[in-house]
Amino acid sequence: MTTPRKLHIKSYGCQMNVYDAQRMVDALAPQGFVETASADDADLVILNTCHIREKASEKVYSELGRLRVAKDEAARNGRTMQIAVAGCVAQAEGGEIIRRQPAVDVVVGPQSYHHLPRLLRDAAQHGRALDTEFPIEDKFGLLPPPSPKAIRARGISSFVTVQEGCDKFCTFCVVPYTRGSEVSRPVKAIADDVKRLADNGVREITLIGQNVNAYHGDGPDGRPWALGSLLAQLAAIPGIARLRYSTSHPNDVEDTLIAAHRDLPALMPFLHLPVQSGSDRILAAMNRRHTADAYRRVIDKFREARPDMAFTSDFIVGFPGETEQDFQATLALVTQIGYAGAYSFKYSPRPGTPAAEMQETVSAAEMDERLVRLQTLIDTQQSAFNAAAIGTTVDVLFERAARNPGQIVGRTAFLQPAHVMASPDLIGQVLPVKIDSLERYSLLGALAQSADLNANVSSVQPASSRMMIGA
Ligand code: SAH
Ligand code: SF4
Ligand code: F3S
């Protein structure tokens, strides 16, 4: 038995990176690595980086500066610390990272994580190793699966990557360059992953991909399957109570996906559907290839199929050429849709993207001002959405013990945290909860009797009308 080596991994960016971090841990477990909470005593530190906006990228170099000090300190104490940079900055900048920070041992792009054990050995022997290829093989097929112990430790909700990469080339975005073109995993490989997770206590699965509804993986019948069919297959796996998927593109919403929302009780009526802007002029300049009206129609279709469907979105303010009038169109769209929440960002020019060549026209002060106005509107909608839960009875999937003794916490269909006083034996179950109050973003309530739930069903209003009242 070799002594365990300590691995510290720090992830930035999207849920794809969160999932990849787990899979890197799984890939390194057979090499004797166990996770540790602090970088200082680690034998290997992996920074799993994000390149989406300038701030995200720059964090890497300040973090690497701190790690170099820790590495020198370890060396003085006769220990070796290896530093690896993974993720989208690794893919975008490659060897440049080692030139800027020579303490880095390994640079590994998102498609090459199955090569990590070899890269670490190469680096130990030759000083440095780099792999930013886009290999044709499926990295997930080659990565070792998580152990039952690892699955149980990670809790009852799990991500599973079903699709990676993006062919959309929105003019502001680095993802098509850092993650490569769209690739879908086969249905059987995904179903096997989900079965393994369900067998080890996982109750909720979020299928992830940069463009998850562009999914078109090989089905068991030899034909490509769309996301709606994949969801139906996974909903039938014993133990799976809830299914979600993220992130979707409005142009890839097929009728079978709408039908899945109508037909599959396990599929949660909550969707992140980024739109970026409400102005057709700006949408065209962003190469989103749809209008604001087309987006509204997609939302309407979902709401027809599932009247309680709620939505979140992403917005960019200050894209080159965005006028006050364009921005007003964004505010108008937000008001019309009525969101349960949304992320909004100031435009950040990214090297190598078409938008970075465009003349920037929105000053930093204007961007700040638009961001505040948009966020104020979204906050109002989010508060109204959460407040509308008070007095209703909703299904909660319990996830873990809460910080307050005697309480457990779970999530509603709309991912709102909900706290009740109850036994931890209920973790993993979906139970009706009568919501009494709202504390910041958390709902507080009590376990309901099933009679309460029945009484309540007829009075539950669709999310859309609930939000319009408050917004
Ligand atoms: N695939 C998703 C988004 C991935 S990136 C989609 O199609 O929408 C997550 C979010 O970051 C984007 O929705 C966008 O709002 C924001 N973003 C991406 N590039 C950006 C940039 N250059 N500047 C500011 N925000 C950006
Ligand atoms: Fe980026 Fe657009 Fe692809 Fe989303 S769809 S990942 S914003 S290029
Ligand atoms: Fe960031 Fe890469 Fe995700 S750029 S948002 S980590 S795909």
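So that you can scan it fast, the table gives a plain yes or no per residue for (1) in contact with a strand residue (DSSP E or B) (Cβ under 6 Å, 6 or more places away or on another chain); (2) more than 27 Å from residue 356 (Cβ to Cβ); (3) open to solvent by less than 60 Å² (accessible area, probe 1.4 Å):
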residue: 290; (1), (2), (3): no, no, yes
residue: 294; (1), (2), (3): no, no, yes
residue: 297; (1), (2), (3): no, yes, no
residue: 300; (1), (2), (3): no, yes, no
residue: 304; (1), (2), (3): no, yes, no
residue: 309; (1), (2), (3): no, yes, yes
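Those residues that are open to solvent by less than 20 Å² (accessible area, probe 1.4 Å) and in contact with a helix residue (DSSP H, G or I) (Cβ under 8 Å, 6 or more places away or on another chain), I need them from the stretch 65-99; list them, please.
81, 83, 84, 85, 86, 87, 88, 89, 90, 97
Can you tell me which residue in the stretch 162-186 is surrounded by the fewest Cβ atoms within 10 Å (Cβ to Cβ), limited to those that are under 24 Å from residue 205 (Cα atoms) and basic (Lys, Arg)?
Looking at residues that are under 24 Å from residue 205 (Cα atoms) and basic (Lys, Arg), I get 185.
Answer with yes or no whether residue 280 is touching a Ser or Thr at 6+ places or on another chain (Cβ under 6 Å), more than 16 Å from ligand 1 (Cβ to nearest atom) and on the phi < 0 side of the Ramachandran plot.
Yes; evaluated as a whole, the condition is true for this residue.
Being crowded, with 22+ Cβ neighbours inside 10 Å, on the phi < 0 side of the Ramachandran plot and not in a helix (DSSP H, G or I): is that true of residue 319 here? So that I can check it myself, show each step before the final result.
Details: crowded, with 22+ Cβ neighbours inside 10 Å: yes; on the phi < 0 side of the Ramachandran plot: yes; not in a helix (DSSP H, G or I): yes.
For residue 319, the condition - crowded, with 22+ Cβ neighbours inside 10 Å, on the phi < 0 side of the Ramachandran plot and not in a helix (DSSP H, G or I) - is met.
Among the residues of the stretch 270-284, is any modelled with pLDDT of 95 or more, part of a helix (DSSP H, G or I) and buried (at least 20 other Cβ atoms within 10 Å of the Cβ)?
Yes, the stretch 270-284 contains a residue that is modelled with pLDDT of 95 or more, part of a helix (DSSP H, G or I) and buried (at least 20 other Cβ atoms within 10 Å of the Cβ).
Look through 354, 307 and report the one residue that is under 18 Å from residue 270 (Cβ atoms) and modelled with pLDDT of 95 or more.
Answer to the check: 307.
Test residue 92 against the stated conditions and say whether it is closer than 27 Å to residue 184 by Cβ and either over 28 Å from the mean Cα position of the chain (by Cα) or aliphatic (A, V, I, L, M) (or both).
Judged against the criteria, residue 92 is a match.
Just name the residue that is surrounded by the most Cβ atoms within 10 Å (Cβ to Cβ) out of those in the stretch 190-228 that are of a type in the set (Gly, Ala, Ser) and touching a residue at least 40 places away in the same chain (Cβ under 8 Å).
Top of the filtered list is 209.
Can residue 141 be described as away from ligand 3 (no atom under 16 Å from the Cβ), open to solvent by less than 70 Å² (accessible area, probe 1.4 Å) and outside any loop (DSSP other than H, G, I, E, B)?
So residue 141 passes the test.
Mind listing whichever residues of the stretch 349-406 are more than 30 Å from residue 435 (Cα to Cα), open to solvent by less than 20 Å² (accessible area, probe 1.4 Å) and not in a helix (DSSP H, G or I)?
Across the stretch 349-406, the qualifying residues are 350, 353, 362.
Could you say which residue among 294, 236, 259 is away from ligand 1 (no atom under 16 Å from the Cβ), over 20 Å from residue 14 (Cβ atoms) and touching a residue at least 40 places away in the same chain (Cβ under 8 Å)? Don't jump to the end; show me each part of the working.
On the way: 294 fails: away from ligand 1 (no atom under 16 Å from the Cβ); 236 fails: touching a residue at least 40 places away in the same chain (Cβ under 8 Å).
Just a single option satisfies the conditions, and that option is 259.
The values are calculated or read from the model by the stated rules, or taken from the named source; none is laboratory data. Since we're looking at a predicted model, the values are computed, not measured. Don't worry about glycine lacking a Cβ; one is built from the backbone with ideal geometry, like all the others, and counts go over all protein chains shown. SASA here: full protein model, heavy atoms, side chains in, ligands and nucleic acids out. Shrake-Rupley method; radii C 1.70, N 1.55, O 1.52, S 1.80 Å.
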